[in-house]
C-alpha cells in the first residue's frame, strides 16, 4: 500500500475521477425515463425554405436522438427527441444557424415516448435509438 506524506492530497485527487467513472458507467447503462417530450421530425430543404415538419407514418421507424445527448445541447426550452436524418443534421448546424434550433422547437409535437433500451452509440455519433411511431406515441429501442 502506498503512503502519502501528511498534508498530501494525492488520494483526494483520485476520488473525483473514480466517482466520475462510476457515474458515467451507471448513466451509460440506463435507459432514459419514459415521459411525454417534444418530438421533432423535419423535412429536407430546410436550408433554403426554413424548417417545416415532415410526415412520420404510423409504424415507420426513424433514427432518433435526445437533444441532451447530442453535441448541441438543448436550451432553456428543454430536452426533445430529434428524429430523422434531416432533423439531426439541422440540429447539429444550430450553432451556426440559431434560427434552426428555434424553428425545430416550434415544429415539434409532444408525444409519450417509451425508451426500451439505453440506446446505441458509436464513434461516429452520439447515443441514438430506432424509434417507431404509433397512433399516439413513440417507442424507442
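Laid out as a table, the results:
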quantity	calculated
Matching residues, the range 74-87, being surrounded by fewer than 18 Cβ atoms within 10 Å (Cβ to Cβ), in a loop (DSSP other than H, G, I, E, B) and in contact (Cβ under 8 Å) with a residue 12 or more places away in the chain	75, 77, 78, 79
Qualifying residue in the range 98-116 (condition: closer than 17 Å to residue 30 by Cα and surrounded by fewer than 17 Cβ atoms within 10 Å (Cβ to Cβ))	yes
Residues of the range 104-120 satisfying the condition of being without any contact (Cβ under 8 Å) to a residue 60 or more places away in the chain and either more than 12 Å from residue 64 (Cβ to Cβ) or touching a helix residue (DSSP H, G or I) at 6+ places or on another chain (Cβ under 6 Å) (or both)	106
Condition met for residue 120 (at pLDDT below 90 and within 18 Å of residue 61 (Cβ to Cβ))	no
Residue among 58, 49 that is at pLDDT 85 or above and more than 20 Å from residue 128 (Cβ to Cβ)	58
Enumeration of residues in the range 89-116 that are more than 12 Å from residue 40 (Cβ to Cβ), in contact with a strand residue (DSSP E or B) (Cβ under 7 Å, 6 or more places away or on another chain) and assigned to a loop (DSSP other than H, G, I, E, B)	116
Residues within the range 17-46 that are within 14 Å of the chain's Cα centre (by Cα) and at pLDDT below 75, tallied	2
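Yes/no per residue for (1) surrounded by 14 or more Cβ atoms within 10 Å (Cβ to Cβ); (2) assigned to a loop (DSSP other than H, G, I, E, B):
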residue: 36; (1), (2): no, no
residue: 56; (1), (2): yes, yes
residue: 59; (1), (2): no, yes
residue: 72; (1), (2): yes, yes
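The values are calculated or read from the model by the stated rules, or taken from the named source; none is laboratory data. Bear in mind the structure is a predicted one, so any value in this text is a computation, not a measurement. Glycine also receives a Cβ, built like all others from the backbone with ideal geometry; neighbour counts cover every protein chain displayed.
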